[in-house]
Protein chains: 4
Amino acid sequence: MKINIKGNVMEFMRFDSDYMEGAHPSILARISETNFEKNTGYGLDRYSESAKEKIRAACGVPGADVYFLVGGTQTNSTAISALLSPAEGVIAAETGHISVHEAGAIEAGGHKVLTLPQSFGKILPAVLRDYLKKFYADGTRNHMVQPGMVYISHPTEYGTLYSASELQELRDICRKYEIALYLDGARLGYGLMADGTDVTLPLIAGCCDAFYIGGTKVGALFGEALVIPRPEKVKHLFTVIKQHGALLAKGWLLGLQFDTLFTDRLYFKISANAVRTAKKLEEGFKLHGYKIFIGTDTNQKFIILENEKMRELAKMVSFSVWEQFDDKHTVVRFATSWATTDEEVARLLEII
Amino acid sequence: MKINIKGNVMEFMRFDSDYMEGAHPSILARISETNFEKNTGYGLDRYSESAKEKIRAACGVPGADVYFLVGGTQTNSTAISALLSPAEGVIAAETGHISVHEAGAIEAGGHKVLTLPQSFGKILPAVLRDYLKKFYADGTRNHMVQPGMVYISHPTEYGTLYSASELQELRDICRKYEIALYLDGARLGYGLMADGTDVTLPLIAGCCDAFYIGGTKVGALFGEALVIPRPEKVKHLFTVIKQHGALLAKGWLLGLQFDTLFTDRLYFKISANAVRTAKKLEEGFKLHGYKIFIGTDTNQKFIILENEKMRELAKMVSFSVWEQFDDKHTVVRFATSWATTDEEVARLLEII
Amino acid sequence: MKINIKGNVMEFMRFDSDYMEGAHPSILARISETNFEKNTGYGLDRYSESAKEKIRAACGVPGADVYFLVGGTQTNSTAISALLSPAEGVIAAETGHISVHEAGAIEAGGHKVLTLPQSFGKILPAVLRDYLKKFYADGTRNHMVQPGMVYISHPTEYGTLYSASELQELRDICRKYEIALYLDGARLGYGLMADGTDVTLPLIAGCCDAFYIGGTKVGALFGEALVIPRPEKVKHLFTVIKQHGALLAKGWLLGLQFDTLFTDRLYFKISANAVRTAKKLEEGFKLHGYKIFIGTDTNQKFIILENEKMRELAKMVSFSVWEQFDDKHTVVRFATSWATTDEEVARLLEII
Amino acid sequence: MKINIKGNVMEFMRFDSDYMEGAHPSILARISETNFEKNTGYGLDRYSESAKEKIRAACGVPGADVYFLVGGTQTNSTAISALLSPAEGVIAAETGHISVHEAGAIEAGGHKVLTLPQSFGKILPAVLRDYLKKFYADGTRNHMVQPGMVYISHPTEYGTLYSASELQELRDICRKYEIALYLDGARLGYGLMADGTDVTLPLIAGCCDAFYIGGTKVGALFGEALVIPRPEKVKHLFTVIKQHGALLAKGWLLGLQFDTLFTDRLYFKISANAVRTAKKLEEGFKLHGYKIFIGTDTNQKFIILENEKMRELAKMVSFSVWEQFDDKHTVVRFATSWATTDEEVARLLEII
C-alpha cells in the first residue's frame, strides 16, 4: 500500500504481528508440486509421517505422539481438554493467551483458568510453589477447582523467555503435585533462536507433558505441531482432535509444511532471521533515544512512545498498541517475522 | 503410485473421496502472488471482504453475515452452538455427519443430536412433521431435550438431494415450530450442479437460518463459508468462532480462496466437472452390468459389487466400502471431484 | 382428594408413580429428633459416616467410596462425567432414563449417549457384544464417539430385571473392552426384593464400576447413595459432585436417611411391601380378565386397557399412560411403593 | 457434645455457619402432616403453586416465574447457564461464591467467570463501570469473553450489603450495556432484616433479571427460590433445571417449605432473630476489647483474634478461620442463624 506523506510517496510499513505474510516459498513450492497427487486424508499420509519422525528426532523423544493442528487456540483447547479431568483447571499467568484472548475456549471445554500474577508474561517458579502450597493448605480446597495443569507460553506474550533452570523448576513443582506442564509454543522458533537462551527442544520435551511447536507464526501458512512426549496417559487423542474440529481433512498440507520446516533446519534458520532483524530494530530505536519497556531477546520489541509521536508514526507504519505507560506515553509492540527484511527495518529506522 | 498387475505396470487409481487433491491451480496462483503482502489477520482483510460480497450476491441476501471457517466439523459445531439455547438439541438423520462421524462434537458443545430415521440420507418432511407432532403431544416433553434446530446435509452422505419443494416444506415446518433450519453444504457445489435439481443458492438462503458452502471438497485447499441470511438473532458470532478455535489467524487465505471460487462462476464450473465425470463412471458401471445401490445425481456413486470382484478391484483402485448388501455383495462408493479427469474415468472403466 | 362418582363419594386413588409420598415415618422421626443438633455440613458428619459403613457392609466392599446425592438425574450425570474421558460416550438402551428423560444432562456434560436397541428396557449381552464388535471393526471408528461406559437401569424403566448371569456377562464384555459398567438403581430395592431374582448388592458391587442405591423412590424423602466399589481410578469425586451442584449443604439429612434405611434391613423390608402389593394388583387385574403387557416381578405393572375403559378408570384413579398398544388399546402403568397399603389395592381392584 | 475444660463440663458451642441446624419446626410439622398425601412430582403440586404466589406477592412482580431448586451452587449454575449465550461470561467479585467455592460449576457449564476487584465482598458500581468502559474500548475485545451478566451476592460472602442506590446504579449500568444482573440471595433474609438497610424484595425484583431467595441457610431444611421477574427472554427454564439435575422429584417438599416461610412473614421474623443475636455477639466482643475486622449488619461477624487466644477458644467453640490478619492475629467469622438463642450467645460471651 502506497501512502503519501507530505509529498513523499512511500510504502506503508507493517510491524503489527508475525502472522501477516503467507509461508516460506519452499512450502508453497511443495504444496504446488504435490497438488494433484491423491493423498489419504486426516494426517494419515506419508508427508505427515515423515514430518512426525523429524520432529521426534529434533526433540529427542522417539516415542512421542505428534499431531498437526491448524491454529493455536484450537491446539490449546484440544490439548488442555484431553489432559484434564473434570474437576481440574489449568493454571496460567493472568496475561496468558488462554486467560485473555482465546474467547473462553478453555471454559467452553468445561475447565477454569486459574490465573496467577505474572512477571513480564512469565509464571515464576516461586509464585507457582506458593500458590500450590496455599491451595493444599486450604481447608475448603475440595470446594474449589483442582489445579491439574500449568500452562506457560514460551516466548511469552511479552516476548520473554524462561531459562532452562526455570523450566526444570516448574517441572519439578508440577511433578511433586502430580499436575501436567503444558507449553504454548506459538512462537517457539523465535524463542529457540534467541541470543543466550539455554532452552532446546529436547529440554522442553523432557520437562513438558505436552507442548506445541508453532508454525502459523514461524514460516508456515498455518499449522501447529502438538507433541506429547509420553503419550501413554492420554486417551483417544485423535478422536478428541476430531471432536474439537481440529482435524484437517487434507492433513498432508500440514505434514508437508512441517516436513519442509524440519528439513535442513529451515525452522531454526528463518526463526533466526526474525530475531536478528528485531535486534537491529531495537538497537535503532535505542540509538534514536527511545526507551524500551521490556528488554526481550525474541522477535517482539516493546517500545515506549510519546503519544504525539505515536500518532505521527501510525501514519507510516503499523504496530500494536500494548498498554498505557503514563499520561503522555504508550507502550507499543513492533514484531518482526521469518520474512522481515533488513531493508524494511532500515526504512523503519529512517522514519522514527 | 505405480502398481504391477500381472506384468502390467499401471498407476493405482483413487476414487475414495473428493478431498484427496489440493486446490484449483488458480487458487494456488493467488496464494503465491500475495505471499509477501502483509495482510490484517482474522478475516478482516480485503480479500475476505470481497469474497463475502460475492457470496452475498450469489445467494441474493445482501444483509447476510458470512464467515470463513476451516473445516466442516468445526463449522457445524460452531454454528449449532451459536444458534441453540441450552435445553435445545439438533434434529438430524441417523446417518447425518453430525450424528456419526464428528466424534461427538455437538455433544461436547452441550447439545444432544436427536436422530430421525433417514431415507437415503434425507429427512423426509413427513417424518419431521410426525416427530414434532408427537413430541409436542408428549406429556413428559419438559423432561426431554427440546428440538431447537433441524440439520440436513445437501447433498446428503448418500449423495442424494432435496428438491426445492422439500426444502420449502422443511422450512415451513421449522417456522411453525419456531426452530432453526441448518444446511451442511460440505459438497454443496456438487448438489447445485446436479442434473435436474431445482435447488439454488438463493433458495437455500431463503429457507435456511444458517448454511455453509463447502470449499474443502470443492476446489479449495480448505475452507467453508458459513452464511447467516438473517443475522440479527445470533449473538457474538465472531467470538463464538474464536472460542471454537475456528478463527484462522491468516484469514485472508480463506478470503482469497472463496474470492477465486466465486469469480467467473469457478465454483460452479468445477463442480460440474465432478458431476459429469461421476455420471460417466456410473454409466460405465451400468454398461458392464453392475447394479447401482442408490441412483444419485451428484459426485458420489454407490455400486453393488460381488465380494470377490471387490477384492480384485481393490488391488488397482481405491474406493470407500460403504455397507454390506448381502452375504455375497457389498455396497461401495466411488467419488469423483472437481479434479477428476475423463482419462481417469476411462482407465477405471477399462479395468472393471 | 374426594371424588363423587354417580353419588358414591370416594377417595381418588393414585398409582402413577413411586415417588408420591414423603418418607418412611422412622426417617421423619430421626430428622425431627436431630433438628437442633449442629452438624458439620457437606456429608462430613457422623450420620453420613455411619450410613456409608452400613452400605459398604451390605455391598460387601469395605474399600468402596460412598457419596450421597439428592436425585437420580444428578447422580447419573455426575457419575458419568466423573468416569468418562472427553472422547468417550455412554452406551444405553434407547429407552434408558438418560437417553430420554434427563433433558440432555449427559450431553450438557459433553458426552454422547450411544443408544442400543432394548429388550423390555434391557440391553441384552448379545446386543452389546455385537455393537462393540462392529464398532472396533469399523475403519472410521476414530471419527466416532468412543464407547467408554455401559449404563443399565435395574429395575429398568419397564420394571424388568437382569439376572445375575446377565450382569456377569455384561461385566465380562465391559472388562474385555476396558469400559466401565454403571447401574442406575433408582428403584433398586424393588429389584432386590423381586420374586426369583438372584441379583444381590454384593453381586452388583462385584460387577459394576459404579452404581447407586435409590432412596427417593424407596422410602427416603430424597437421596441416592452412589457407590464406587474400586475408587482408585476416579479423580476428585467430591469436587465433581460439588461442581454438579449435587453436594447438599446439610448432608447429614442424607446420612440420617440412609442410616435409617440400612438399619434392621428397613430398605429391604419396605421394598418387599411394594413388590407384594404390586403382585396382588397384577393378579387382581388378571383375574378380572385384563391383559398384561410385560410381566414384571417388581413394583411397576404394565396393563393393556381398552381405551374406553381407560378413560372411565381415569376418573377414579391415576396411572401413567405408557404407549399405544393398538387402535383400541393403550398400555398403562400402575406403580406401587413402599407406602402402598393392601387396602388401597383392594379398593382399586373393586373399581376395575 | 460435652467437653471438659479444666474440670468444667460444658456443651461445645458452634458458630461456624448458618446451615448447621435442620429446619424451623413449623416446616417439619407440615412435612410430617402431609407425609402420606400423594402429590404430583416436579413442583407441579398445589403447595408449590401457593408458595410461588406468595413469593410473587412479596416481590411485587405478579408476572414473575418462580422455581424451587435444592441448593445454592445448583441454582447459580442453572440460572447463569440459562441466561448467558455461548460467548458470554459472568462478571463477579474475586471473592464471589461462584469465583471461588463452587468447584468450577460455571466453567463446567461453558462460561468464564470474569473477576473484578472487590470491596468487602461487593462490586462497587464505579469499578463495574470502569471495567465495561475499558472492555468496549479494547480493540481485541472480539477475541475475549463477552460480559453477559453481573453476579452479586447480597449479603456478600463478607456479610456486607448493597444499598438501594448501589443496586439501582448497578442495574443502570447493566441496562446501558444490555447485560443481565443476577443476585445470589443465599442469605437474603439476613440482608433484608439488617439494621438500616433500604433494600427490599420489590426493589431487588425491580433491579435484577434473576435472583434467588435462600432457604437452606434461612430456616428451611434445604431449598432456594429462583425468581425471574420478566421471564419472556428465558427459554425452556424448566428443562434447563432438569438438565442440571436440579429438579427435585418430590418438589412439594420445596413448595411446602417456602409456603411456610412466606406465611405470616416467618422468613423475615426468623431472619431478624439471626441479625439480633449476631449484633449482641458483636457488642459482647467489642465490650471485651476485641477488634472487629469488618463491621456488618447481618448474621456474619468478623473478629480479629490473637492467635494464642484463637487456639484456646477453639477448644470450646467452633468458628470459621477466615484469613491471616498479621503475624500474630487472625480474622475469624462467627455466624448466627435463625435458630441461635440468646442463651447460646450469652454462654459464648462468658468464655471469651
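Of the residues making up the stretch D:311-325, those that are over 13 Å from D:K291 (Cα atoms) and either open to solvent by 60 Å² or more (accessible area, probe 1.4 Å) or free of Cβ contacts under 8 Å to residues at least 24 places away in the same chain (or both) are D:R311, D:E312, D:A314, D:K315, D:V321, D:W322, D:E323, D:Q324. Scanning the stretch D:1-52 for residues that are touching a Leu at 6+ places or on another chain (Cβ under 8 Å), among the hydroxyl-bearing types (S, T, Y) and assigned to a helix (DSSP H, G or I) returns D:S26, D:S32, D:Y47, D:S48.
I need the full set of residues from the stretch B:1-33 which are in contact with a Phe, Trp or Tyr (Cβ under 8 Å, 6 or more places away or on another chain) and at the interface with another protein chain (Cβ under 7 Å from one of its Cβ atoms), in order please.
Residues satisfying the conditions are B:E21, B:G22.
Which one is surrounded by the fewest Cβ atoms within 10 Å (Cβ to Cβ), of the residues in the stretch C:272-305 that are farther than 21 Å from C:R347 by Cα and not aliphatic (A, V, I, L, M)?
C:G295
Of the residues making up the stretch D:138-168, those that are within 26 Å of A:K112 (Cα to Cα) and away from chain A (no Cβ under 14 Å) are D:V150, D:Y151, D:I152, D:S153, D:H154, D:P155, D:T156, D:Y158. Scanning the stretch A:85-98 for residues that are open to solvent by 10 Å² or more (accessible area, probe 1.4 Å) and within 14 Å of chain B (Cβ to nearest Cβ) yields a total of 2. The residues of the stretch B:103-126 that are touching a strand residue (DSSP E or B) at 6+ places or on another chain (Cβ under 9 Å), without any contact (Cβ under 8 Å) to a residue 40 or more places away in the chain and not polar (S, T, N, Q), listed by number, are B:A103, B:G104, B:I106, B:E107, B:H111, B:K112, B:V113, B:L114, B:L116, B:P117, B:G121.
Out of the stretch D:159-187, which residues are open to solvent by less than 30 Å² (accessible area, probe 1.4 Å), over 16 Å from D:P229 (Cα atoms) and not β-branched (V, I, T)? Residues satisfying the conditions are D:G159, D:Y162, D:A164, D:L170, D:A186, D:R187. For D:A57, the criteria (1) within 29 Å of D:D209 (Cα to Cα); (2) within 8 Å of chain C (Cβ to nearest Cβ); (3) free of Cβ contacts under 8 Å to residues at least 60 places away in the same chain hold in every case but one, which is (2).
Annotation note: Cβ proximity below 6 Å between a residue of the stretch B:127-149 that is closer than 19 Å to D:L237 by Cβ and a residue that is surrounded by 18 or more Cβ atoms within 10 Å (Cβ to Cβ) and among the acidic types (D, E) (sequence gap 6+ or interchain) occurs for B:Q146/B:E88; B:G148/B:E88.
Here the stretch B:67-84 is the region considered, the condition is being among the β-branched types (V, I, T) and in contact (Cβ under 8 Å) with a residue 60 or more places away in the chain, and the residue that is farthest from the other protein chains (Cβ to nearest Cβ) is B:I80. Return the residue satisfying two criteria in turn: it lies in the stretch B:138-156 and is among the hydroxyl-bearing types (S, T, Y) and under 18 Å from the mean Cα position of the chain (by Cα), and of such residues it is surrounded by the fewest Cβ atoms within 10 Å (Cβ to Cβ). Restricting to residues being among the hydroxyl-bearing types (S, T, Y) and under 18 Å from the mean Cα position of the chain (by Cα), the top hit is B:Y151. Looking at A:A105, A:A87, A:A126, just one residue is closer than 30 Å to A:F302 by Cα and over 20 Å from the mean Cα position of the chain (by Cα), and that residue is A:A126. Taking every residue in the stretch C:34-50 that is farther than 19 Å from C:T263 by Cα and pairing it with any residue that is open to solvent by less than 50 Å² (accessible area, probe 1.4 Å) and of a type in the set (D, E, K, R), at least 6 positions away or on another chain, the pairs with Cβ-Cβ distances below 6 Å are C:F36/D:E21; C:N39/C:D45. Residues in the stretch D:326-350 that are assigned to a helix (DSSP H, G or I) and buried (at least 19 other Cβ atoms within 10 Å of the Cβ): 3 in all. B:I106 meets the stated requirement of being within 14 Å of chain A (Cβ to nearest Cβ), open to solvent by less than 40 Å² (accessible area, probe 1.4 Å) and modelled with pLDDT of 95 or more. Could we say that D:D209 is open to solvent by 30 Å² or more (accessible area, probe 1.4 Å) and in contact with a strand residue (DSSP E or B) (Cβ under 7 Å, 6 or more places away or on another chain) here? So D:D209 fits the description; yes.
Hey, can you tell me all the residues within the stretch D:167-188 that are within 18 Å of D:N76 (Cβ to Cβ) and not hydroxyl-bearing (S, T, Y)? Write out each step before concluding.
Narrowing the stretch D:167-188 to residues within 18 Å of D:N76 (Cβ to Cβ): D:170, D:174, D:179-188.
D:L170, D:C174, D:I179, D:A180, D:L181, D:L183, D:D184, D:G185, D:A186, D:R187, D:L188 - these are the residues of the stretch D:167-188 that are within 18 Å of D:N76 (Cβ to Cβ) and not hydroxyl-bearing (S, T, Y).
I'd like to check something: does the stretch A:245-254 contain any residue that is open to solvent by 30 Å² or more (accessible area, probe 1.4 Å) and not aliphatic (A, V, I, L, M)? No. Taking the criterion of being out of contact with any Lys or Arg (no Cβ under 9 Å at 6 or more places or on another chain) and closer than 21 Å to D:G148 by Cβ, the residues of the stretch A:95-115 that qualify are A:I98, A:S99, A:V100, A:G109, A:G110, A:H111, A:T115.
A search for C-beta distances below 6 Å between a residue of the stretch D:231-252 that is closer than 21 Å to D:G148 by Cα and any residue that is part of a loop (DSSP other than H, G, I, E, B) and not acidic (D, E), counting only pairs 6+ apart in sequence or on different chains, returns D:K235/B:S85; D:H236/B:A87; D:V240/B:P86; D:V240/B:A87; D:I241/D:L247. Within the stretch C:308-352, the set of residues being among the aromatic types (F, W, Y) and either within 12 Å of chain D (Cβ to nearest Cβ) or closer than 21 Å to C:R276 by Cβ (or both) comprises C:F319, C:F334, C:W338.
Modelled with pLDDT of 95 or more and within 27 Å of C:V321 (Cα to Cα): which single residue out of C:E11, C:E53, C:E21 fits that description? Before the answer, list the steps.
Values: C:E11 fails: modelled with pLDDT of 95 or more; C:E53 fails: within 27 Å of C:V321 (Cα to Cα).
Answer to the selection: C:E21.
Across the stretch D:232-291, which residue is nearest to C:L28 (Cα to Cα) among those that are more than 10 Å from chain C (Cβ to nearest Cβ), aromatic (F, W, Y) and over 19 Å from the mean Cα position of the chain (by Cα)? Restricting to residues being more than 10 Å from chain C (Cβ to nearest Cβ), aromatic (F, W, Y) and over 19 Å from the mean Cα position of the chain (by Cα), the top hit is D:F285. Checking B:E166, B:E178 one by one, the residue that is of a type outside the set (G, A, S) and at positive phi is B:E178 and no other. Note on the stretch C:109-137: among residues that are open to solvent by 40 Å² or more (accessible area, probe 1.4 Å) and among the aliphatic types (A, V, I, L, M), the one that is farthest from the other protein chains (Cβ to nearest Cβ) is C:L124.
Of the residues contained in the stretch B:169-189, one or more are found to be within 14 Å of chain A (Cβ to nearest Cβ), out of contact with any helix residue (DSSP H, G or I) (no Cβ under 7 Å at 6 or more places or on another chain) and either in a loop (DSSP other than H, G, I, E, B) or not acidic (D, E) (or both).
For the stretch C:53-72, a residue qualifies if it is open to solvent by 10 Å² or more (accessible area, probe 1.4 Å) and part of a helix (DSSP H, G or I), and the qualifying residues are C:E53, C:K54, C:R56, C:A57, C:A58, C:G72.
The values are calculated or read from the model by the stated rules, or taken from the named source; none is laboratory data. In this text the structure is predicted, and so the values were computed from the model without any measurement. As a convention, Cβ positions derive from the backbone with ideal geometry for all residues, glycine included, and neighbour counts pool all protein chains shown. For the accessible areas, the whole protein counts, side chains as well, though only heavy atoms, and no ligand, DNA or RNA atoms are used. Shrake-Rupley method; radii C 1.70, N 1.55, O 1.52, S 1.80 Å.
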